[in-house]
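The values are calculated or read from the model by the stated rules, or taken from the named source; none is laboratory data. Not measured: the values here are computed from a predicted model. Glycine also receives a Cβ, built like all others from the backbone with ideal geometry; neighbour counts cover every protein chain displayed.
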Amino acid sequence: MKLEEKTRQKIIRNAVLSLFIYVLPIALMFITFYITGERPWLKQQHKAEKSKSVNPKNSSNNGTSD
């Protein structure tokens, strides 16, 4: 089964368009990093909070007046 030339060109055009749409956000991200000089992968990670932030419901200091 041989493809018609017009069908072959449509398939190639759609494949190139799909690749462009896929690569565009990645390219824009790196262009933004280049322009702003930002390097988020070099920033230190936030340390985990040592204090417990969630109080159990049966706690006496749960903020209610009952």
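Would you mind finding the one in Leu28, Leu42 that is free of Cβ contacts under 8 Å to residues at least 40 places away in the same chain and loosely packed, with under 10 Cβ neighbours inside 10 Å?
Details: Leu28 fails: loosely packed, with under 10 Cβ neighbours inside 10 Å.
On inspection, the qualifying residue turns out to be Leu42.
Do you know which residues across region 14-66 are of a type in the set (Lys, Arg) and at pLDDT 85 or above?
Result: Arg39, single match.
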